[in-house]
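Chemist: Pasting in a structure now, in structure tokens, and then I'll have a few things to ask.
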Amino acid sequence: MKSSGINAEYGGRISFYMTCSGEEAAVIGSAAALQDVDTVFTQYREVGVFLWRGFTLQDIMHQCFSTHKDNTKGRQMPIHYSAKKLNIQCVSSTLATQVPNAVGYAYSNKIKGIKAVTVSYFGEGAASEGDVHAAMNMAAVLRCPTLFICRNNGYAISTKTEDQYAGDGIAVRAIGYGMRSLRVDGNDLFAVHRAVSDARKVAIEESCPVLIELMTYRVGHHSTSDDSSAYRSIDEVNYWNKEDSPVGRLGLYLIKHKLWDNDTEQSYAKECRKEIMGAFNLAESSLKPSPYLVFDDVYDTPSSTLAQQRETLHQHLQAYGEHYNLGDYDV
């Protein structure tokens, strides 16, 4: 799916794409440790959380291509998924805005007596934002059952960790807020799962926040708008991609315990490729959202001004619709 999305952007078929290459264990291991009742506020590398909870490949492709079946109605740039029915809030590119939102949600659950945690994912670069400080302080003071999951992948776009902070990473900051924290090998799927499971239990039983720092590495470019060869060597990337890859490490474990082999790998890869391309082709050939959707969801009750603007658009399209390829839209 990663290569399909990247190639689609480079080919001009979608406008943007990001991957979680090298961070798969951090994302999937944590997602598997949560319960469906837990509400998740992701950053933008947690597509695995969506998939784990039931967001389908077709849902992903419809969103990336902004089709009429995109549940964000074509209003978001690619990879900004949303799944209310799966208890996952909409992705936002603005760094760290999701962190205080997660704390507020957790505080609301606490008041209502809901036994669940609220989870906020972010990178070590986003941890430099003031929103993270405010959120952690509020969570600690109000004892909100929140899991702060920081993916420390070594880079904030092109800025290495040593140029981001002088202290010992992110986990140690929890001391200043009076909250618990732990640092985990983020490339070890089982370690991540155990750590998040234990943290979730503590957060619920003691009604308190927990900060988890997952040490990993961003193998891919920051996004399709980035060329990481400008600020790091190919040897550095190859080391992490080959010697300490979370997928490779899990594969070796499964093979050792006779749960996986090369034939199964090839067969599964072929099956996944077929499913991905099927979803890709269907989304690319689907209609775009109706232009009239721009007037929806602005107000709970549409205003007379909006109604007038909608009618103006309708009259305009009636008169000049042939200039807008309306056959491509769900009108």
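Chemist: Mind telling me which of the residues Y268, Y253, Y217, Y231 ends up being modelled with pLDDT of 95 or more and within 18 Å of C20 (Cβ to Cβ)?
Modeler: It is Y217.
Chemist: Sticking with this one: Applying the selection to segment 60-78, what residues are in a loop (DSSP other than H, G, I, E, B) and of a type in the set (S, T, N, Q)?
Modeler: Passing the criteria: S66, T67, N71, T72, Q76.
Chemist: For segment 192-212, name all the residues that are assigned to a helix (DSSP H, G or I), buried (at least 24 other Cβ atoms within 10 Å of the Cβ) and among the β-branched types (V, I, T).
Modeler: V192, V196 - these are the residues of segment 192-212 that are assigned to a helix (DSSP H, G or I), buried (at least 24 other Cβ atoms within 10 Å of the Cβ) and among the β-branched types (V, I, T).
Chemist: Could you look through segment 48-81, keep only residues that are among the aliphatic types (A, V, I, L, M) and under 21 Å from R200 (Cβ atoms), and pick out the one that is least open to solvent (accessible area, probe 1.4 Å)?
Modeler: Checking each candidate, the answer is V49.
Chemist: Follow-up. If we scan segment 213-226, do we find a residue that is touching a residue at least 40 places away in the same chain (Cβ under 8 Å), farther than 30 Å from C144 by Cα, part of a helix (DSSP H, G or I) and open to solvent by less than 70 Å² (accessible area, probe 1.4 Å)?
Modeler: The answer is no, given that none of the residues of segment 213-226 is touching a residue at least 40 places away in the same chain (Cβ under 8 Å), farther than 30 Å from C144 by Cα, part of a helix (DSSP H, G or I) and open to solvent by less than 70 Å² (accessible area, probe 1.4 Å).
Chemist: Which residue, of N101, N109, is among the polar types (S, T, N, Q) and open to solvent by 50 Å² or more (accessible area, probe 1.4 Å)?
Modeler: Going through N101, N109 in turn, just one is among the polar types (S, T, N, Q) and open to solvent by 50 Å² or more (accessible area, probe 1.4 Å): N101.
Chemist: Can you tell me which residues in segment 7-21 are more than 16 Å from the chain's Cα centre (by Cα) and either touching a residue at least 12 places away in the same chain (Cβ under 8 Å) or farther than 21 Å from C272 by Cα (or both)?
Modeler: A8, E9, Y10, G11, G12, R13, I14, S15
Chemist: Where the second residue is of a type outside the set (D, E) and surrounded by 10 or more Cβ atoms within 10 Å (Cβ to Cβ) and the first is more than 20 Å from S3 (Cβ to Cβ) and lies in segment 260-273, which pairs have Cβ atoms under 7 Å and are six or more apart or on separate chains?
Modeler: Note: pairs meeting the criteria are W260/G251; W260/L254; D261/I255.
The values are calculated or read from the model by the stated rules, or taken from the named source; none is laboratory data. Just so you know, these numbers come straight off a predicted model, no measurement behind them. No Cβ is skipped: glycine too gets one built from the backbone with ideal geometry, and neighbour counts run over all protein chains shown. Accessible surface areas use protein heavy atoms only, side chains included; no ligands, DNA or RNA. Shrake-Rupley method; radii C 1.70, N 1.55, O 1.52, S 1.80 Å.
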